[in-house]
Amino acid sequence: MARTLGIGIIGAGNISATYLRLAPLFRGIEMRAIADINKAAAIARASEYGIEARTIDDLLCSEDIDLVVNLTVPDAHFDVSKQILSGGKHLYSEKPLTLSLKEGLELQKIASKNKLKAGCAPDTYLGGAHQLARKLIDDGQLGTITSGTAHVMNHGMEHWHPNPDFFYRPGGGPILDLGPYYIANLINLIGPVRRVAALTSTATPTRTISSEPRKGETIKVTTPTTIQALLEFESGASITLSASWDVWAHHHPNMELYGTEGSIFLPDPNFFGGEVKLAKPGKKPRAVKAWPHPFGAPNQKHAAGMMANYRTAGLADMATAILTGRDIRCSIDRALHGVEIMVSILRSGEERKFIDIKTTCSRPEALGIREAKSLLKKA
């Protein structure tokens, strides 16, 4: 059996550079080719990272490509992912998997019919901080989780993104863009969701771009930009999720979980690292000693300082799972469950009622220190 899967990428945008830069850290994958409808962009990215630029059709027919990573824009995810699976290649997609449950179910059906595997980002919950929180929960430090809060709030994308239009159209918005990180981590920590309810609103009908090169242009807002959601989990826990692009500033933490034996405070699930705090009955929250998890080690410089970035870990885990026959942590069934949760939140805001979730999934297997090291070329 092969010990490495040949990887191709469709989509040569900014995120492709992250995958190509970090892929050499991991076992089981070898980046070999990239394609894009913009041929010049594919050629430029291929030259930058020493791989081949191919057409999409050529990439899907290439015998040296086993798995294709879909890095196109979200509203193209379904069509491109369907093309990948129909072409006989395993699929790993950037988030969100699709923009509707129907499309996600179709991809799942095609993958099963063609005996292929499919996976989907985000993989940030595999980071050292979130896996430390997972270990504390699994070890019983919180007792039974009964409730919690999650907040992802800022003032949108038009202040930094060169072409922010998509974020304010159906298929965009804070739930489908940033919600996947929070929901994937909640599934990792608590499990699947039973039903949701939400209030949704839009603060302004337009946005003015303040970033270059389109500074001063006005774009229409046609999707909710503030969402207050309630998630009831199959375990019985209830979590409030606030997602908004109408907030200039706030003091809410990213995520807190409350249990019968304590409370836990988690960093932003959009990132791999950060500080975890734990509060036991009658005690103030204290920082939990960081453990030597390889996906928590700072490796990239940001404006705020050094941070941990191991995007591609989910892809490497998927490749190893295919090669060894074990479960894929960032699997299509978990991604599909996340999609249904997100679109049901938006539907609840429209219909003003609770929405029962039809799909379900298991919690992904924890990724401890030993398991994480096994994914790296140099542990």
Using only alpha-carbon positions, what ratio does the radius of gyration of the chain give when scaled by 2.2 N^0.38 Å? 0.96
How large is log10 I(q)/I(0) at q = 0.23 Å⁻¹ when the Debye formula is applied to the Cα atoms of the range 1-61, each weighted equally and without solvent? -0.88
What is the mean projected area of the alpha carbon convex hull for the range 205-246, to one decimal in square nanometres? 4.2
So the compactness index of the range 324-373, its C-alpha Rg divided by 2.2 N^0.38 Å, takes the value 1.55
What percent antiparallel are the DSSP beta bridges of the chain, to the nearest 5? 60
For the range 1-136, the Kirkwood Rh over every pair of distinct alpha carbons, in Å, works out to 15.4
Projecting the Cα atoms of 331, 320, 344 onto the charge dipole of the range 298-376, where Lys and Arg contribute +1 and Asp and Glu -1 at Cβ, the residue farthest towards the positive end is 320
Rounded to the nearest 5, the percent of antiparallel DSSP beta bridges in the range 116-240 equals 80
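By per-residue mean of other Cβ atoms within 10 Å, what is the highest-first order of 208-220, 160-172, 256-268?
The most tightly packed comes first, giving 256-268, 160-172, 208-220.
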Which value in Å is the Kirkwood Rh of the range 59-150 over different Cα pairs? 15.2
Taking 0.36 nm per residue of separation between residue 138 and residue 18 and subtracting their Cα-Cα distance, the length gained on full extension comes to 40.0 nm
The percentage of Cα-Cα pairs in the range 232-352 separated by more than 17 Å is 74
A chain fully extended from residue 240 to residue 48 at 0.36 nm per residue, minus the present Cα-Cα distance, gains in nm 64.8 nm
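Rounded to two decimals, what is Rg over Rh for the range 88-229 when you use alpha-carbon atoms and the Kirkwood radius?
Rounded to two decimals, Rg/Rh equals 1.03.
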Counting pairwise Cα distances across the range 211-289, what percent come out greater than 17 angstrom? 65
Using just the helices of the chain, give the 222 nm mean residue ellipticity in deg cm²/dmol: DSSP H runs with n ≥ 4 each add -39,500 (n - 2.57), and the total is spread over all residues, rounded to 500. -9000 deg cm²/dmol
FRET E, pair residue 115, residue 73, Förster distance 25 Å, beta-carbon r, rounded to 0.05: 0.30
Carbon plus sulfur fraction of accessible area for the chain, probe 1.4 Å, in percent: 53
Report the extension gain between residue 147 and residue 270 in nm, rounded to one decimal, defined as 0.36 nm multiplied by the number of residues separating them, less their alpha carbon distance. 42.2 nm
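The values are calculated or read from the model by the stated rules, or taken from the named source; none is laboratory data. Keep in mind it's a predicted model, so treat the numbers as computed, not measured. Positions of Cβ are backbone-derived with ideal geometry, glycine not excepted, and every protein chain shown enters the neighbour counts. Ligands, DNA and RNA are stripped out before the accessible areas are found, and what is left, the full protein with its side chains, is counted by its heavy atoms. Shrake-Rupley method; radii C 1.70, N 1.55, O 1.52, S 1.80 Å.
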